[in-house]
Amino acid sequence: MGQITLERVSKSFGHTEVIPPLDLTIEDGEFCVFVGPSGCGKSTLLRLIAGLDDITSGAVLIDGQDASDVPPAKRGLAMVFQSYALYPHMSVRKNIAFPMRMARIPQDEQNRRIEAAAKALNLTDYLDRRPGQLSGGQRQRVAIGRAIVREPSAFLFDEPLSNLDAALRVGMRLEISELHERLRATMIYVTHDQVEAMTMADKIVVLRAGHIEQVGSPLELYRTPRNLFVAGFIGSPKMNLIGGNEAARHDAHTIGIRPEHIDVSEDGCWQGTVGVAEHLGSDTFLHVHGTGFGGTLTVRTTGEVTLAHGDTVRLLPRAGRIHRFDASGLRIV
Amino acid sequence: MATRHFRSTARLMMAPAVILLLGWMLVPLTMTLWFSFRRYLPLRGGDLGWAGFDNYVRFVTSGAFWPSVQTTLIIVGGVLVITVALGVVLALLLDQPIWGQGAVRILVIAPFFVMPTVSALVWKNMFMDPVNGLFAHLWRFFGAEPVAWLSDVPLASIVVIVSWQWLPFATLILLTAVQSLDREQLEAAEMDGASPLARFGFIVLPHLSRAITIVVLIQTIFLLSIFAEIFVTTGGAFGTRTLTYLIYQRVLESQNVGLGSAGGVYAIILANIVAIFLMRIVGKNLDR
Ligand SMILES: Nc1ncnc2c1ncn2[C@@H]1O[C@H](COP(=O)(O)OP(=O)(O)OP(=O)(O)O)[C@@H](O)[C@H]1O
Ligand SMILES: [Mg+2]
């Protein structure tokens, strides 16, 4: 059980309104990712759900019950902090046991859960160490272990992987996804990493300055971004946005096309000069200028192309893949 | 080559300071040791020759010795308990965002800048005087008989005075420690279901253990030698004679330098026993 509903929830610090009233429902068992630029209120929203900050107005419902005035410990949620917030003077075992000790769970039950969590998270060999003697990834797993043993109805993660190096991040991403498959608990996950959002989420919530710009599955957001902000934010490399005459030809103020939806072709309708060609091995990203649209156009092609700086290319946008936006930035359907 | 040259220059430049400090320490220590083996009575014939261990035996067997050791330990222990306990409470309070925080912090630190003699006099005459003291007025206001603090409860009174002086030091060190505590740890503990008391016991106190160790060690060193507070309040009467005070009486009141010096050597030994004892108990906190 872990359905979380926000009803007209808002938050102000003094006179500055960080979160204007917003509504959001996160279904039981869902993996929901909050994304948005830095300072848009992702952490604040998470802390409001956790109860660490008080909401200014509105209500937080957990499984349909108003939990706005319930203290954090009684909400049945577990949080994994960006800094991990492990207790430095306690061993890993004591860290993981802490919430159970506070809940006065019998000792043998505690041990059983600790063993289970340690096995699942590959921590068995480290149980007697202090957090200071662990690597970043291991600390991360201890923090997750401490959250799991409480058997919460929902997990809240605040940028849990941002302190890890790229390789470890990929590994931990998979582990968290597997954990979600196994526990089937609700998870709310804050990140500003594109790839994490796209690969892990059942549902992505795109935030800007405390507003929800769009809510949907990763593919929905990828295929039908509701406005220019979401179009620019979701997808990597970023969507090409073209204004002016070319947009007017499509009856729009701005048109957008993703780099992967433009082909290099002899009979392409657009023409330009290759500026930089980034060879990633599997793919090549061409930055094409001189197209007459202003700015450069990013094009994704296969890894084997031999185009280089200064070559002239003809480009063909795939039919039906052009997104059209009106003057206020909204998608035209 | 440059570094070797630099090093020898550095040694040369530091030598005067090192030699001065060494002399500063060694000369009095050697003199104390020397006098402790002499019969030296300045007003009764001066240096009367070798005394062997007579002074040492006399100092310990005098009826004033063990009570003075006990008094010293009670005062040191009492002040340590009070300053650490209140220091933790004050540090936690001062860490809260309050109006006029800067001014309050300076006020809290202020007693540390008052000279021991002055503060003891202020306490003696303004607060603890049985006729005109503030406490006497307060007691009378509630219809109670004023307490003659310095003669009825002299040891406790001195502990209060000295604690008042050292509380700012403890508070200051503990406050910096409290401020370095990671807020997210407290929030994590809150989410883990820890009550405010449990958060204090499991998170805050262990975090402060290192700072408390430092406060205890430094204060002990200074408290073992408190003198002015006793001199201006009770003058060593009513069972407030510490080891330091006893030595003072032997040297200046009885004019027996040899006996006093032997007491001085005992004081050094006591200080070292206390230091080793403390290091054993709390010193392991510093290893982490
Ligand atoms: N205690 C506070 N007092 C005043 N303003 C605050 C406070 N906490 C956060 N804010 C403001 O609220 C806004 C949202 O902050 P928040 O920490 O939620 O951002 P975020 O989306 O998590 O950003 P990031 O990706 O950088 O972590 C910011 O503009 C921040 O300055
Ligand atoms: Mg944040």
Let a ≥ b ≥ c be the square roots of the eigenvalues of the Cα gyration tensor of the range A:237-325; is it rounded (a/c under 1.5), or, if not, prolate (a/b larger than b/c) or oblate? prolate
Sequence-distant aspartates and glutamates (8 or more away, or on other chains) whose Cα lies within less than 19 Å of residue A:74: A:28, A:53, A:54, A:63, A:66, A:151, B:184, B:187, B:190, B:192
Sum -39500 (n - 2.57) across every DSSP H segment of at least 4 residues in chain B, then divide by the residue count to get the 222 nm mean residue ellipticity, nearest 500. -22500 deg cm²/dmol
Size of charge dipole - the range B:158-254 - debye, nearest 20, with Cβ of Lys, Arg +1 and Asp, Glu -1, no other charges: 420
Taking all pairs of distinct Cα atoms, average 1/r, flip it, and tell me the Kirkwood hydrodynamic radius of chain A in Å to one decimal place. 22.3
Here the relative contact order (percent) of chain A, from C-alpha pairs under 8 Å and at least 6 apart, is 16
Whole-number percent relative contact order across chain B, with pairs defined as alpha carbons under 8 Å at least 6 apart: 29
Among the helices of chain B (complete DSSP H runs), which have Cα atoms covering no less than 24 Å along the helix axis and a Kyte-Doolittle mean of at least -0.5? B:2-36, B:65-95, B:154-179, B:205-223, B:257-282
Going by Cα centres, the range A:231-270 and the range B:6-83 are how many Å apart? 89
Which distance in Å, rounded to a whole number, links the C-alpha centroids of the range B:218-271 and the range B:140-196? 28
Starting at the first residue of the range A:203-214, write each ³J(HN,Hα) from the Karplus equation 6.51 cos²θ - 1.76 cosθ + 1.60 with θ = phi - 60°, in whole Hz, x for Gly and Pro. 9, 10, 10, 8, 10, 9, 6, x, 8, 7, 7, 6
Return the distance in nm (one decimal) between the two label points of a simple spin-label model at residue B:126 and residue B:253, each offset 7 Å from Cα along Cα→Cβ. 2.9
Per DSSP H run of at least 4 residues, take -39500 (n - 2.57); add these up for chain A, divide by its residues and hand me the 222 nm value, nearest 500 deg cm²/dmol. -8000 deg cm²/dmol
Answer with one residue from A:58, A:92, A:80: the one whose Cα lies farthest towards the positive end of the charge dipole of the range A:27-114, charges on Cβ with Lys, Arg +1 and Asp, Glu -1. A:92
Net charge within 13 Å of residue B:181 by Cβ-Cβ distance, Lys/Arg positive one each and Asp/Glu negative one each, not counting residue B:181 itself? -1
Under a 10 Å cutoff between Cα atoms, tell me which one of A:109, A:260, A:27 has the largest fluctuation in the Gaussian network model of chain A. A:109
Select from B:264, B:133, B:87 the residue whose mean-square fluctuation is largest in a Gaussian network model of chain B (Cα-Cα springs shorter than 10 Å). B:133
antiparallel share of DSSP beta bridges within the protein assembly as shown, to nearest 5, in %, is 75
Förster-model FRET efficiency, 25 Å R0, residue B:227 and residue B:30, C-beta, rounded to 0.05: 0.65
Work from the charge dipole of the range A:237-325 (Cβ charges, +1 for Lys and Arg, -1 for Asp and Glu, about the Cα centre) and give the residue of A:239, A:259, A:298 farthest towards its positive end. A:239
Among rounded, prolate and oblate, which fits the protein assembly as shown when a ≥ b ≥ c are the square roots of the eigenvalues of its C-alpha gyration tensor, a/c under 1.5 means rounded, and a/b larger than b/c means prolate? prolate
Work out how much length residue A:104 to residue A:135 would gain on full extension: take 0.36 nm times their residue separation and subtract the Cα-Cα distance, in nm to one decimal. 8.1 nm
Other protein chain Cβ atoms within 10 Å, averaged over every residue that makes up A:79-87: 5
Using a Förster radius of 51 Å, what is the FRET efficiency between residue A:238 and residue B:7 based on their Cβ-Cβ separation? Nearest 0.05, please. 0.30
Would you list, by chain and number, the lysines whose Cα falls below 20 Å from the Cα of residue A:42, excluding same-chain residues fewer than 8 positions away? A:11, A:203
Pick out, from B:70, B:214, B:118, the residue whose Cα sits farthest towards the positive end of the charge dipole of the range B:65-240, with +1 on the Cβ of Lys and Arg and -1 on the Cβ of Asp and Glu. B:118
Rounded if a/c under 1.5, otherwise prolate or oblate - the range A:75-228, Cα gyration tensor axes: prolate
Assuming R0 = 56 Å, can you tell me the calculated FRET efficiency for the pair residue A:16 and residue A:116, based on Cβ-Cβ distance, to the nearest 0.05? 0.80
Is there a quick way to get the dipole size of the range A:237-325? I mean about its Cα centre, with the Cβ of Lys and Arg at +1 and of Asp and Glu at -1; what is the value in debye to the nearest 20? 360
Determine which lysines satisfy two conditions relative to residue A:119: a Cα distance under 27 Å, and not lying fewer than 8 residues away in the same chain. A:94
Test of understanding: in a Gaussian network model of chain B with alpha carbons linked when under 10 Å, which of B:258, B:236, B:201 would top the mean-square fluctuation ranking? B:201
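No value in this document is a laboratory result; all are computed from the given coordinates. Here the structure is a predicted model, which is why all the values come from computation and not from measurement. FYI the Cβ positions are ideal-geometry reconstructions off the backbone, even for glycines, and counts take in every protein chain you see.
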